[in-house]
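Structure first, then comments.
The values are calculated or read from the model by the stated rules, or taken from the named source; none is laboratory data. Everything numeric in this text was worked out from a predicted model, so none of it was measured. Neighbour counts run over all protein chains shown; Cβ positions are idealised from the backbone, glycine included.
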Amino acid sequence: MKLVRFSTAGLEPRLGAVAGAWNRWEWIVDLSAADPAIPSETVAFIDACPDLKGDIWERALHVVKEAERFESDAPPWAFRPKDVRVRSPILPRLLRDFLAFRAHVARTRAATWTSIPPEWDWMPGYYNGNHLNIVGTGDEVPPMRFETFDGKSPRLILSPKMDYEAEIGFVLGKGGREIDVTKAPGHLFGVTIFNDFSARDIQVTAGKIGMGPAPGKDWANALGPCIVTRDEFGDLRDQSIAVRVNNEERLRDRYRNMVFENPWAKEGPRALWSFPEMVEFLSRFQPIYAGEVWGSGTIPGGCEFERGDRARYLKPGDRVEIEIEGIGVLQNSIALAT
């Protein structure tokens, strides 16, 4: 199932499902309007069917199957995608972002003339992001501006190193604690695309303070266009992944090539930290909750920071698209500076 949040005519966003292929949406159906027993909000829906089964799940499947038979005529709870505004598919209970891919870490460290710290192989590193600062596909992101007090008076700076980051967003379906890695896959509800917008200059500067990546990472978090449930998406293997900026392709490759066949990933015992390993690690020392979204970290090649002196960072007015086969396209623009 492909789940979205959408709105029409200025009304509050509500939960919908997509009828059609991942790259050719035919209809968006308002699930709760079609069947009032179905929750109208994403996290409530996840809470109602964390295992992708049960009464609510079957009701939602029935609505989607009915929509797949629509032709020109449709009930008032079905909409053509062009007639609605698609929002972020979820407002997560908590947002975490990991640093899961060795090839990405190796390239970013090489760009700054350093190497992968041995601690990366000891545990999956992550930070807690701003789950209240979420945008969806088609939304504009304000340009990153920050104050610095490196003189007698504060100066307002427009970041010259605004970057995109192409990531997988893992949506948790079940919470818990002390979860064994063998049972962890059952805690995944589905996947989405996560663009962890990053201001690299302030990120690097703030990192030297020793208190984490903010505010370079609090700038904006984009999710979308939909959540594809794990039964439909399957495993991460050979999916095509592309990044475009102003229609210029910056990346196109397959997940397996970028993660496992990447020459930057060959020096070391592991190519990545997997979702089950993340679940086991985190749940050992704190409870995790349904409705959290965990970023995978940048898929190798999926940002400009890796390119060092050859990086072409985003500017106001730029449009970035991240496409992952089986999910769709997450598109956002940097608003013009005012």
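Checked against the criterion of being closer than 27 Å to TRP122 by Cα and of a type in the set (D, E, K, R), the candidates GLU325, GLU292 yield just one match: GLU292. Pairs meeting the criteria (first residue in segment 95-109 and closer than 20 Å to ALA222 by Cα, second residue part of a strand (DSSP E or B) and of a type in the set (Val, Ile, Thr), beta carbons under 8 Å, at least 6 apart or on different chains) are LEU95/ILE134; LEU95/VAL293; ARG96/VAL293. Counting only residues that are touching a Lys or Arg at 6+ places or on another chain (Cβ under 8 Å) and touching a residue at least 60 places away in the same chain (Cβ under 8 Å), segment 40-88 holds 8 of them.
Looking across segment 153-194, the residues that are touching a Pro at 6+ places or on another chain (Cβ under 9 Å) and among the basic types (Lys, Arg) come down to LYS174, ARG177, LYS183.
Under 29 Å from PRO316 (Cβ atoms), in the same structural domain as LYS315 (by TED's automatic domain parsing), buried (at least 21 other Cβ atoms within 10 Å of the Cβ) and within 17 Å of the chain's Cα centre (by Cα), is that true of HIS104? Against the criterion (under 29 Å from PRO316 (Cβ atoms), in the same structural domain as LYS315 (by TED's automatic domain parsing), buried (at least 21 other Cβ atoms within 10 Å of the Cβ) and within 17 Å of the chain's Cα centre (by Cα)), HIS104 qualifies.
Quick check: anything in segment 143-152 in contact with a Leu (Cβ under 7 Å, 6 or more places away or on another chain), surrounded by 13 or more Cβ atoms within 10 Å (Cβ to Cβ) and part of a loop (DSSP other than H, G, I, E, B)? Yes, segment 143-152 has at least one match. Pairs under 6 Å by beta carbon, first residue among the charged types (D, E, K, R) in segment 314-338, partner at pLDDT below 95 and surrounded by fewer than 24 Cβ atoms within 10 Å (Cβ to Cβ), six or more apart or different chains? Pairs found: none. Taking segment 175-293 and the helices (runs of 4 or more DSSP H) fully enclosed by it, the elements with 3 or more residues that are under 26 Å from ARG87 (Cα atoms) are at 230-233. When segment 175-213 is limited to residues that are within 20 Å of the chain's Cα centre (by Cα) and among the aliphatic types (A, V, I, L, M), the one that is surrounded by the fewest Cβ atoms within 10 Å (Cβ to Cβ) turns out to be LEU188.
Close contacts from segment 268-282, counting a first residue that is within 13 Å of ASP121 (Cβ to Cβ) and a second that is of a type in the set (A, V, I, L, M, F, W, C) and crowded, with 20+ Cβ neighbours inside 10 Å, with Cβ to Cβ under 7 Å and a gap of 6+ residues or different chains, come to ALA271/VAL259; ALA271/ALA265; LEU272/ALA100; LEU272/PHE101; LEU272/VAL259; TRP273/PHE98; TRP273/ALA100.
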